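One structure below.
The values are calculated or read from the model by the stated rules, or taken from the named source; none is laboratory data. Predicted model only: the values in this text are computed from it and were never measured. When we count neighbours, we look across all protein chains shown, and the Cβ atoms used for this are built from the backbone with ideal geometry, even at glycine.
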């Protein structure tokens, strides 16, 4: 019986060590944090340009958008991952929380602008961002989190727990009509 008790004790000690161990959210040499004002100069725009058309976004316009999002922090959260050695941003993603009249007034999380720099892919950075945004959505009582992605990225998001559901529709508004 003593040997049995020792094995049980070792198992529970191991189990507790596993569940209480702090797993770093990003690999060594990287830091995940919220977007800040200085990130315009740390390569945010060129990073986003690896995802989509950015056009000419001036620093003053970036700061306007940043301040708007800061004032509406209950709606917007943008995360970045900075490469510690180069001090440049290498990944980013955003969560937008939409309050709904359905589901008892619960919220839906929308993940947007997920991109990892070409030279830093395959290190789990996107998964780290997606996990943190999912946890934030849970804290904000979202009943689901949705995103749009290219067919080629479906596998990545499936690894993060997402599944293909329904269809996306899009209406493109001419640039001349969309500018403020």
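Which of the numbered conditions does residue 92 fail, given that it passes all the others? Conditions: (1) under 15 Å from residue 26 (Cβ atoms); (2) out of contact with any helix residue (DSSP H, G or I) (no Cβ under 9 Å at 6 or more places or on another chain).
Every listed condition holds for residue 92 apart from (2).
May I ask you to verify whether residue 26 is in contact with a strand residue (DSSP E or B) (Cβ under 7 Å, 6 or more places away or on another chain), modelled with pLDDT of 95 or more and closer than 30 Å to residue 142 by Cα? Let's see the steps before the verdict.
On the way: in contact with a strand residue (DSSP E or B) (Cβ under 7 Å, 6 or more places away or on another chain): yes; modelled with pLDDT of 95 or more: no; closer than 30 Å to residue 142 by Cα: yes.
So residue 26 does not fit the description; no.
Going by the structure shown, is residue 113 out of contact with any helix residue (DSSP H, G or I) (no Cβ under 9 Å at 6 or more places or on another chain) and either surrounded by fewer than 18 Cβ atoms within 10 Å (Cβ to Cβ) or farther than 24 Å from residue 72 by Cβ (or both)? Quick ask: steps written out before the conclusion?
Values: out of contact with any helix residue (DSSP H, G or I) (no Cβ under 9 Å at 6 or more places or on another chain): no; either surrounded by fewer than 18 Cβ atoms within 10 Å (Cβ to Cβ) or farther than 24 Å from residue 72 by Cβ (or both): yes.
So residue 113 does not fit the description; no.
If you check 156, 125, 95, 129, which single one turns out to be closer than 22 Å to residue 45 by Cβ and without any contact (Cβ under 8 Å) to a residue 60 or more places away in the chain? Show your work before the answer.
Values: 156 fails: closer than 22 Å to residue 45 by Cβ; 125 fails: without any contact (Cβ under 8 Å) to a residue 60 or more places away in the chain; 129 fails: without any contact (Cβ under 8 Å) to a residue 60 or more places away in the chain.
Result: 95 is the single residue among 156, 125, 95, 129 that is closer than 22 Å to residue 45 by Cβ and without any contact (Cβ under 8 Å) to a residue 60 or more places away in the chain.
Of all residues in the range 83-102, which are more than 16 Å from residue 145 (Cβ to Cβ) and part of a strand (DSSP E or B)? Steps first, answer last, please.
Within the range 83-102, the first condition is being more than 16 Å from residue 145 (Cβ to Cβ), and the residues that meet it are 83-92, 101.
Scanning the range 83-102 gives 83, 88, 89, 90, 91, 92.
For residue 83, are the conditions met, namely being surrounded by fewer than 18 Cβ atoms within 10 Å (Cβ to Cβ), at pLDDT 95 or above and farther than 14 Å from residue 142 by Cβ? Spell out the reasoning first.
Numbers: surrounded by fewer than 18 Cβ atoms within 10 Å (Cβ to Cβ): no; at pLDDT 95 or above: yes; farther than 14 Å from residue 142 by Cβ: yes.
In short, no.
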